[in-house]
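Undergrad: Okay, handing you the structure first.
The values are calculated or read from the model by the stated rules, or taken from the named source; none is laboratory data. Worth saying up front: this structure is predicted, and the values here are computed from it rather than measured. Neighbour counts run over all protein chains shown; Cβ positions are idealised from the backbone, glycine included. The protein model used for the area step is the full one, side chains on, heavy atoms only, and it has no ligands, DNA or RNA in it. Shrake-Rupley method; radii C 1.70, N 1.55, O 1.52, S 1.80 Å.
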Amino acid sequence: MKVCYLSDSISFLFGVNSVIRVAFSSDNHFDVNKVDVQATMAVQAEILLAHGVQFYLIAGDLFNDFQRSQQFVVDLQALLGTQTHVYWIAGNHDMVHGISFDELETGQFAGYLHNRYVDLPHSDWRLIGHNGWYDYGFAQQIPGATVADFEMWKHAYWIDRAIQQPMNDPERATLMLNQVDAQLALAKAEHKRVIFMTHFVPKIDYLRFTADNRFWNMANALMGTPRLGTLVEQYQVSHVLFGHLHIHPQPRQFAQTIYYDQAVGYGRPRLNEWQESTFMAEWQRDLEILDLAEK
């Protein structure tokens, strides 16, 4: 667990709210990791409460089913009570079962922050959420590859083939960018500092390209869009939380924006991405806690 103080004062810890404490996580993949969900939720709640976290942000991929992910958020919020507010957006895994495109876009689910915002109390901080999407822009360096090639590869190999949508991926990414642009323009007009939460990757700097692994290079097409990073930096967004990549990078700053990928990832015998031996140890290691100055 990493705690980053963005204020010289830590008087919040002693009962005076001069900072707002926010925690980031993503890609818990409870079903893939085969954890005891109720027991794990209870321990997560204890840790969040013990550290005085006021806002817990989850950047997608809780389960391979939206309804199970939503129920987890509802149940965790019940355990946390009024001290900690849980907000989340859907990752691609959350989208594969139990939800339609229209419901993803317009659904009013508890804690669900897609294309919505929350103003943090007693401050000029605004939390904006968007599920995100991809436009194949991260893989355009593959010689001769076309949109049709990426679509065919996705439907042959990728879990997202189960996600129903009324448009192609570049069109969905453009819809996303227009929505995010509108949210950021509103925040700027209202003089808000922004924490932006999404699932997909906003910067090409996080991706791995190889000369001998076409599968991985094609997968980069479905990681996100570089246009999102350009957009948030244009608006000088303070903090961006994303997931999708299970690579455990340290927070990185580009221009005036700090990016966080706090994905827990998979801890399975055939695919172990963890740095710790248990789920809870890995979740705690990857959890990022920020203290935000109120003014």
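Undergrad: Pick from region 251-269 the residues that are under 23 Å from residue 219 (Cβ atoms) and part of a loop (DSSP other than H, G, I, E, B): which of them is farthest from the chain's Cα centre (by Cα)?
TA: My answer is 269.
Undergrad: If residue 172 satisfies all but one of (1) open to solvent by 60 Å² or more (accessible area, probe 1.4 Å); (2) of a type outside the set (Asp, Glu); (3) touching a residue at least 24 places away in the same chain (Cβ under 8 Å); (4) not in a loop (DSSP other than H, G, I, E, B), what's the number of the condition it fails?
TA: (1)
Undergrad: Can you pull out every residue in region 103-112 that is open to solvent by 30 Å² or more (accessible area, probe 1.4 Å) and either of a type in the set (Gly, Ala, Ser) or under 13 Å from residue 184 (Cβ atoms) (or both)?
TA: 110
Undergrad: Of a type in the set (S, T, N, Q) and either open to solvent by less than 40 Å² (accessible area, probe 1.4 Å) or closer than 24 Å to residue 291 by Cα (or both): is that true of residue 220 in this structure? I'd like the intermediate steps shown before the answer.
TA: Numbers: of a type in the set (S, T, N, Q): yes; either open to solvent by less than 40 Å² (accessible area, probe 1.4 Å) or closer than 24 Å to residue 291 by Cα (or both): yes.
Criteria met by residue 220.
Undergrad: Another question, if that's okay. Run residue 77 past the list (1) in a helix (DSSP H, G or I); (2) open to solvent by less than 40 Å² (accessible area, probe 1.4 Å) and report the number of the one that doesn't hold.
TA: Exception for residue 77: condition (2).
Undergrad: Okay, moving on. Could you check, for region 193-202, whether at least one of its residues is free of Cβ contacts under 8 Å to residues at least 24 places away in the same chain and open to solvent by less than 60 Å² (accessible area, probe 1.4 Å)?
TA: no
Undergrad: Does region 113-123 contain at least one residue that is open to solvent by 20 Å² or more (accessible area, probe 1.4 Å), hydroxyl-bearing (Ser, Thr, Tyr) and within 20 Å of the chain's Cα centre (by Cα)? Before the answer, list the steps.
TA: Here is the first cut: in region 113-123, the residues open to solvent by 20 Å² or more (accessible area, probe 1.4 Å) are 115-119, 121-122.
Now restrict to residues that are hydroxyl-bearing (Ser, Thr, Tyr): 117.
Restricting the remaining residues to those that are within 20 Å of the chain's Cα centre (by Cα) gives 117.
Yes; the residues of region 113-123 include at least one that is open to solvent by 20 Å² or more (accessible area, probe 1.4 Å), hydroxyl-bearing (Ser, Thr, Tyr) and within 20 Å of the chain's Cα centre (by Cα).
Undergrad: Same structure again: Testing residue 39 on (1) surrounded by 16 or more Cβ atoms within 10 Å (Cβ to Cβ); (2) on the phi < 0 side of the Ramachandran plot; (3) not charged (D, E, K, R), one condition comes back false. Which one is that?
TA: (1)
Undergrad: Report yes if residue 244 is touching a residue at least 12 places away in the same chain (Cβ under 8 Å), on the phi > 0 side of the Ramachandran plot and under 13 Å from the mean Cα position of the chain (by Cα), otherwise no.
TA: Judged against the criteria, residue 244 is a match.
Undergrad: Please go through region 76-113 and pick out each residue that is closer than 19 Å to residue 178 by Cα and in contact with a strand residue (DSSP E or B) (Cβ under 6 Å, 6 or more places away or on another chain).
TA: Those that are closer than 19 Å to residue 178 by Cα and in contact with a strand residue (DSSP E or B) (Cβ under 6 Å, 6 or more places away or on another chain): 89, 113.
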